[in-house]
Structure formats: C-alpha cells, structure tokens
Amino acid sequence: MSSIQNLQTFDPFADATKGDDQLPSGTEDYIHIRIQQRNGRKTLTTVQGISTEYDKKKLVKAFKKKFACNGTVIEHPEYGEVIQLQGDQRKDICKFLTEIHLARDDQLKVHGF
C-alpha cells in the first residue's frame, strides 16, 4: 500500500513571519539609536544595527547634509560598525530612516534620557 503524503506537517505561515518584502533581508533586527552625554550640553548620537547591505559612509554623508552636524563611522569590537553623530539627532534619524524605507517604526529602538 502506498503511503499517504498529505499528513506531513506544513506551516503555510512560516514565510509570512520573515518580514516585509519592501525591506532588505538584514533588517529584521532592531536599529538602536542611543544618546551619550559628553561634557556640558554636548551630546553624541549613535546608530547601531543597520544592515551591512547599506554603505554606512553614504548614510553618514546624507545625515551630515540633512541635519547640519558632523559624523563618522566607527568600528566597535562588539557591535560592528556604528554611526556616530554630533548632537541630539534621535528624532531626526528616526524620521529619516522611516522616510527612506530603511526601517519601520517598530524596528527602531530609541534609548536615552
């Protein structure tokens, strides 16, 4: 007698949890936007968790032009490449990343104060 092929386990929604097709594959994880106090009123904003598919130097160039601040890409031993900007740019970065469809609102985690 032939075996019945119909009783195998199959999850039709397995690929639906992988995320939107609009967003790149590396952006399932969160993008963390943090602020660090320097001295006095001076602050640093760091952005960590952007997919490796994107050129972070070009993102920094766009951030610098749009927000009128200085910035750089640093290599962190634990977190990899991290974007560092002068000043409190948390709201601006969130707005910018959602406008260019690099991340959704629920993928952004804003830390600090």
Candidate lysines - alpha carbon under 17 Å from LYS58, same-chain residues fewer than 8 apart omitted: LYS66
Shape category assigned to region 59-108 from the gyration tensor of Cα positions, a/c cut at 1.5: oblate
Label-point separation in nm, ASN39 to PHE113, each point 7 Å along Cα→Cβ: 2.1 nm
Accessible surface of region 51-104, 1.4 Å probe, proportion on carbon and sulfur as whole %: 49 percent
11 Å beta-carbon shell around GLY112, net charge (K/R +1, D/E -1): +2
Set of lysines with alpha-carbon distance to LYS64 below 22 Å, sequence-local pairs under 8 removed: LYS42, LYS56, LYS91, LYS95, LYS109
Rounded Å value of the spacing that divides the Cα centres of region 54-75 and region 34-52: 12 Å
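The values are calculated or read from the model by the stated rules, or taken from the named source; none is laboratory data. From a predicted model like this one, the values you see are computed outputs, not experimental measurements. Using ideal geometry, Cβ is built from the backbone for each residue, glycine included, and neighbour counts are taken over all protein chains shown. Heavy atoms of the whole protein, side chains included, go into the accessibility calculation; ligands, DNA and RNA do not. Shrake-Rupley method; radii C 1.70, N 1.55, O 1.52, S 1.80 Å.
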